[in-house]
Amino acid sequence: LGLKQKVWSISEIDGNLFIGGNSGTMIYDNFGKFTKISDVGGGTDILRLRNGDLVQATFAPIYSFKRNSSSWEQEIYIKNFYVPALNLLEDHLGNLWVEHIDQGLYHVSGREQTDEIRFYRSLEGNSTPEKIHVNEFQGRILFSNDKQFYVYDDINDKIIPYRKLNDCVVGYPDIHNVVTASDGTLWVEFADGRVVSVEI
């Protein structure tokens, strides 16, 4: 597309490409036109929530975008929450799960008060922060560290191992990355370079 900036994310919403880069966020519409909608750099992910809001993870706050007649308005979405986020997803209860860029995970159940934000340093209860990936698989929020997969048990309000999925990858080396394809297939990249598809 000829953008002269480092691009951190590209997301397609309603036929438009939302492009987050070092110098801000742009839209590339279906007419082939670029429009800059934010000067905030480091837009790493953008998501449409169930209520229709667009929210964007960045290297500091999480922002929302609202469409006016001829422009987009940007405002801070979660007050007093400033973390470098890489990815975010909404669960079936309307809570946000925010993947820190290199350590830990945040569970945001409200926008106004910081006591509604829970931090998970490690999925195994360790004191040392670990990289936690956030993904969606079969309608559930899926978490992974380098060892195994987890899901959120909303009845007991805790994150638990996803045993059925973990059984599929026993014997493989450390998990490096996880992506869910548009057809629902889970693709897992391992530390030794192997990539496998997982269906359960």
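The values are calculated or read from the model by the stated rules, or taken from the named source; none is laboratory data. If you're wondering where the values come from, they're calculated on a predicted model, not measured in any experiment. Virtual Cβ from ideal backbone geometry, glycine too; neighbours counted across all protein chains shown. Accessible surface is based on the protein model in full, side chains and every heavy atom, while ligands, DNA and RNA are left aside. Shrake-Rupley method; radii C 1.70, N 1.55, O 1.52, S 1.80 Å.
Figures for the structure shown
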item: Per residue value of the accessible surface for region 112-200 (all protein chains in place, 1.4 Å probe), Å²; result: 58 Å²
item: Most to least accessible of Trp8, Trp97, Trp72 (protein chains only, probe 1.4 Å); result: Trp8, Trp72, Trp97
item: Dipole moment magnitude, nearest 20 debye, region 114-200 about Cα centre, only Lys, Arg, Asp, Glu C-beta charged; result: 140 debye
item: Positive dipole terminus of region 134-199, leading residue within Val195, Asn145, Ser182 (C-beta point charges); result: Asn145
item: Percent carbon-and-sulfur accessible area, region 67-200, ignoring ligands, DNA and RNA, probe 1.4 Å; result: 44 percent
item: Computed over region 12-93: relative contact order in percent, which uses C-alpha pairs under 8 Å that are six or more apart; result: 21 percent
item: The chain: C-alpha gyration tensor shape, a/c 1.5 cut-off, then a/b vs b/c; result: prolate
item: Percent RCO, i.e. relative contact order, over the chain, from Cα pairs under 8 Å lying at least 6 residues apart; result: 9 percent
item: In Å², nearest 10: area of Arg121 left accessible to a 1.4 Å probe; result: 100 Å²
item: Highest-fluctuation residue, Thr128, Thr44, Thr35 considered, GNM on the chain with Cα pairs under 10 Å; result: Thr128
item: Cross-link partners of Lys36 among aspartates and glutamates (Cα-Cα below 18 Å; sequence separation of 8 or more within a chain); result: Glu12, Asp14, Asp45, Glu73, Glu75
item: Where region 1-102 is the region considered: accessible area per residue in Å², 1.4 Å probe; result: 50 Å²
item: Local electrostatic count, Leu86, Cβ distance below 11 Å [Lys/Arg +1, Asp/Glu -1]; result: -2
item: Among Val83, Ile10, Ser127 the positive-end extreme of the charge dipole of the chain (Cβ point charges); result: Ile10
